[in-house]
Amino acid sequence: MTTAHDAATALFIELTGREPDGVWSAPGRVNLIGEHTDYNDGFVLPFAIPHRTVAAAGLRTDGRVQVCSTFAPEPVEVALDELGALFPTVTGAGPAVPEWAAYPLGVAWALAEASSLIGGGVDIAIGSDVPIGAGLSSSAAIEGATASALNDLWRAGLDRTALARVGRRAENEAVGAPTGIMDQMASMLGEPDAAIFLDCRTLDTQLVPLGVAEAGLAILVMDTRVTHAHSTGGYSERRAACERGAAIMGVPALRDVSVADLSRAAHLMDDVTFRRVRHVVTEDQRVLDTVRVLREQGARAIGDLLVASHASMRDDFEISVPELDTAVEAALAAGALGARMTGGGFGGAAIALIEADAVEVVSAAVSAAFADAGFAAPHLFTVVPAAGAGRDA
Ligand code: ADP
Ligand code: MG
């Protein structure tokens, strides 16, 4: 078993003096392509990664929920029937618990609401090997691990898509971060060797074999260690610009604007809004193109789409930072077939599609470029598509 599994179990025993009833886990994710398209009802192509967040959990009889994490010093405990009153939707203020605790407690609240069920009290101990705030969705991982645990312990019977919605509702309404559904769907539905082609309007999914290893390739994650925060600033502004753009175009969401409509859009809105719109519209098309190219030609042929996606995020959506651009440029200069920042932006990680035997060469080049620029050393590691959330023990 993994370190996170052992850490969560040990923390549970330390906190409660008993063994957990079970252990559940959910992965982080890398988004191969399709950034900021999810909340525009568009397309994304993420895959789950081997890094997981683990929830060791057990029922208790007093109607209270206690959460603790190896990442946070203090456990947080509240009565189940007081959960709703803690969160911004109800109070209009920030969560009345430490922010990290709003993730698992928000999941308990949203899951109880979704299944119209008053579950029993529960203790939950969290361990994780997903880097936090690195754009690899530690948030969806903690939501998915908690949701899987409570779904089983409370016998709520929700399917994976419903559990993804529970996680998103917790993040939107309990934490107050206006994120889309991509991360939770990737964490719940991941499969080894495949990416998840998700239509964020219908929530229809198709597994798309990536075949990275078969093609003699590897995916290198380049975590810049610049942390981002979704609940503040740029993310919300980008979202608002997209809504403004859709309203000006007279459509429910930017999903409904095609690349051919862009010349008309350019005359209808200010330059900044137009560039936000152009990113989303062209990014949707790049996701569709990537799925087609993967199926017809394989992973070796998608590099240019990754590069175009990064340029669009850097220049039109303006969510990159110098560290991300440096990682992408250094990887490409060292021979990567394609590279792009991944996740919401303003920090976090980039990915590079590289020859399997070039991991050391590209890693050394990226590290050297960071040192030259005076940036803190990046965290570099390869990932393969991995399984989604579930019960471990
Ligand atoms: P990302 O999802 O890219 O890692 P987010 O800002 O969306 O970044 O989510 C990170 C936040 O999620 C953390 O600041 C913390 O509040 C919460 N979180 C994630 N993992 C854990 C964990 N293992 N224990 C406690 N809180 C966590
Ligand atoms: Mg997140």
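The values are calculated or read from the model by the stated rules, or taken from the named source; none is laboratory data. Please read these numbers as outputs of a predicted model, since none were measured by experiment. Here Cβ is always computed from backbone atoms with ideal geometry, including for glycine, and neighbour counts include all displayed protein chains. For the accessible areas, the whole protein counts, side chains as well, though only heavy atoms, and no ligand, DNA or RNA atoms are used. Shrake-Rupley method; radii C 1.70, N 1.55, O 1.52, S 1.80 Å.
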Practice item. Ignoring everything but the protein chains, give the 1.4 Å probe accessible area of LEU288 in square angstrom, nearest 10. Key: 60
**Study point:** Net charge dipole size for the chain [Lys, Arg +1 and Asp, Glu -1 on Cβ; Debye, nearest 20]
**Key:** 520
Exercise for review: Run the numbers on the chain and let me know its relative contact order in percent, using alpha-carbon pairs under 8 Å that are six or more apart.
Suggested key: 23
Check your understanding: Which of GLY42, GLY28, GLY335 moves most in a GNM of the chain, Cα contacts under 10 Å?
Key -> GLY335
Review point. How much FRET efficiency would the formula 1/(1 + (r/R0)^6) give for ARG201 and ARG391, where r is the Cβ-Cβ distance and R0 is 25 Å, rounded to 0.05?
Key: 0.25
Practice item. Roll a 1.4 angstrom probe over the protein heavy atoms and tell me the percent of accessible area of the stretch 250-344 that is carbon or sulfur. Key: 51
Exercise for review: With θ set to phi - 60°, apply the Karplus curve 6.51 cos²θ - 1.76 cosθ + 1.60 along the stretch 382-393 and write out the HN-Hα couplings as whole Hz, x wherever there is a Gly or Pro.
Suggested key: 8, 10, 10, x, 10, 6, x, 5, x, 8, 9, 7
Exercise for review: For the chain, set up a Gaussian network in which alpha carbons nearer than 10 Å are linked by springs, and say which option among THR70, THR37, THR342 fluctuates the most.
Suggested key: THR70
**Study point:** On Cα atoms only, tilt of 138-153 relative to the major axis of the chain in degrees
**Key:** 40
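Stretch GLU14-ASP372 to full length: gain in nm at 0.36 nm per residue minus the Cα-Cα span?
124.4 nm
Would you mind putting 214-222, 177-185 in packing order, based on average other-beta-carbon counts within 10 Å, highest first? Walk me through the numbers before you get to the answer.
On the way: 214-222: 20.0, 177-185: 25.0.
Ranking the peptides 214-222, 177-185 by packing returns 177-185, 214-222.
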Point to revise | Sorted peptide list for 155-163, 58-66, 301-309, criterion being average Cβ within 10 angstrom, highest first | key: 301-309, 155-163, 58-66
Practice item. With a ≥ b ≥ c taken as the square roots of the eigenvalues of the C-alpha gyration tensor of the stretch 7-50, please select rounded if a/c is under 1.5 and otherwise prolate if a/b is larger than b/c or oblate if it is not? Key: prolate
Check your understanding: 222 nm [θ] for the chain, helices only, -39500 (n - 2.57) per DSSP H run of 4+, per residue, to 500?
Key -> -12500 deg cm²/dmol
Exercise for review: With a ≥ b ≥ c taken as the square roots of the eigenvalues of the C-alpha gyration tensor of the stretch 1-112, please select rounded if a/c is under 1.5 and otherwise prolate if a/b is larger than b/c or oblate if it is not?
Suggested key: oblate
